[in-house]
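A.B. asks: For reference, the structure I am asking about is given below.
The values are calculated or read from the model by the stated rules, or taken from the named source; none is laboratory data. Keep in mind that what you see is a predicted model, and the values were worked out from it rather than measured. Because the Cβ atoms are built from the backbone with ideal geometry, glycine has one as well, and the counts that use them run over all protein chains shown.
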């Protein structure tokens with residue numbers, strides 16, 4: 001049995017309070033004594049980078065990660081170059097906000113050719129490693145559940161992410177373990193062990209049965225079938241002791257008053273993570 005999780009490790013992944021602006025999310029964290037936030041780029045764009053940095057620093061919050069970079073595959077070389085440029089911009093934003101982790105949602109295949117798109121993902125990451133190193137930002141490859149292969153990512157298992165991370169051979173690149181995406185994998189614990197020292201983030205939510213929606217399908221911890229404490233113990237045994245992001249994409253939760261969501265989140269974090 002794993003030890004109880006320290007509430008000081010809790011990070012609000014901003015998508016959990018999608019109906020809030022960045023300022024509202026920051027203020028909510030302060031009111032509810034949540035020490036860390038993970039910022040999404042669409043919210044960052046609304047507020048502006050300098051103002052976002054000022055608000056976060058004034059509130060005394062830490063930033064666990066910036067979400068998201070990636071989306072490397074594209075049908076033309078010009079479009080792939082544009083995506084590389086956007087990832088460089090994301091690296092600059094992460095560095096400015098004071099986080100050293102950019103989460104990569106790698107992108108789907110634009111042409112039904114999964115293997116070619118995986119090569120584009122690897123080439124894309126490889127091309128931005130020197131820029132990431134220059135800015136002291138690490139690149140976290142996040143495998144997504146296979147049901148997202150068609151529209152979000154051709155990297156669908158922690159094993160694939162590990163192979164790519166090791167192939168790239170850079171300490172700037174690691175992996176993100178999100179329980180919603182990996183809990184089902186029969187090789188999960190072997191792959192977590194294989195990722196020892198390269199785990200850059202740990203994200204939690206739950207898988208409720210039946211799943212309410214494919215995209216907006218995540219539930220609060222304790223509502224579903226995922227053995228979150230066991231996965232947490234495994235990532236800790238393999239070197240990850242950083243912030244734990246609660247990342248929930250769910251319309252019903254978005255429609256709740258934000259402070260209710262954060263109080264429920266804290267309670268579920270202590271009891272089920």
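A.B. asks: Would you check which residues across the range 76-109 are over 22 Å from residue 171 (Cβ atoms) and either modelled with pLDDT under 95 or part of a loop (DSSP other than H, G, I, E, B) (or both) and list them?
C.D. replies: Selection gives 76, 108, 109.
A.B. asks: Let me ask something else about it. Within the group 66, 97, which residue is under 12 Å from residue 137 (Cα atoms), touching a helix residue (DSSP H, G or I) at 6+ places or on another chain (Cβ under 7 Å) and surrounded by 23 or more Cβ atoms within 10 Å (Cβ to Cβ)?
C.D. replies: Answer to the selection: 66.
A.B. asks: Another question, then. With respect to residue 13, determine if the residue is out of contact with any strand residue (DSSP E or B) (no Cβ under 9 Å at 6 or more places or on another chain) and either surrounded by fewer than 20 Cβ atoms within 10 Å (Cβ to Cβ) or closer than 16 Å to residue 140 by Cβ (or both).
C.D. replies: No.
A.B. asks: How about the range 128-160: which of its residues are touching a helix residue (DSSP H, G or I) at 6+ places or on another chain (Cβ under 8 Å), closer than 18 Å to residue 191 by Cα and in a helix (DSSP H, G or I)?
C.D. replies: Residues satisfying the conditions are 158, 159, 160.
A.B. asks: Whether any residue in the range 240-252 is farther than 30 Å from residue 122 by Cβ and part of a helix (DSSP H, G or I) is what I want to check.
C.D. replies: yes
A.B. asks: Counting only residues that are free of Cβ contacts under 8 Å to residues at least 24 places away in the same chain and under 19 Å from the mean Cα position of the chain (by Cα), how many does the range 40-78 have?
C.D. replies: Residues in the range 40-78 being free of Cβ contacts under 8 Å to residues at least 24 places away in the same chain and under 19 Å from the mean Cα position of the chain (by Cα): 2 in total.
A.B. asks: Could you please let me know if residue 225 is part of a helix (DSSP H, G or I), touching a residue at least 40 places away in the same chain (Cβ under 8 Å) and either on the phi > 0 side of the Ramachandran plot or touching a strand residue (DSSP E or B) at 6+ places or on another chain (Cβ under 8 Å) (or both)?
C.D. replies: No.
A.B. asks: When residue 212 is evaluated against the numbered criteria (1) in contact with a helix residue (DSSP H, G or I) (Cβ under 9 Å, 6 or more places away or on another chain); (2) at negative phi; (3) at pLDDT 95 or above, which criterion, by number, is the only one it fails?
C.D. replies: (3)
A.B. asks: Only residues that are under 16 Å from residue 98 (Cα atoms) and part of a loop (DSSP other than H, G, I, E, B): list them for the range 14-60, please.
C.D. replies: 35, 48, 60
A.B. asks: Now, a different point. Just name the residue that is surrounded by the fewest Cβ atoms within 10 Å (Cβ to Cβ) out of those in the range 229-273 that are in contact with a strand residue (DSSP E or B) (Cβ under 8 Å, 6 or more places away or on another chain) and over 23 Å from residue 39 (Cα atoms).
C.D. replies: This residue is 239.
A.B. asks: Filter the range 21-39 for residues that are within 24 Å of residue 92 (Cα to Cα) and surrounded by fewer than 19 Cβ atoms within 10 Å (Cβ to Cβ) and give the result.
C.D. replies: 21, 23, 24, 35
A.B. asks: Which of the residues spanning the range 193-228 are more than 16 Å from residue 269 (Cα to Cα) and loosely packed, with under 15 Cβ neighbours inside 10 Å?
C.D. replies: Selection gives 193, 196, 197, 209, 210, 211, 212, 213, 214, 215.
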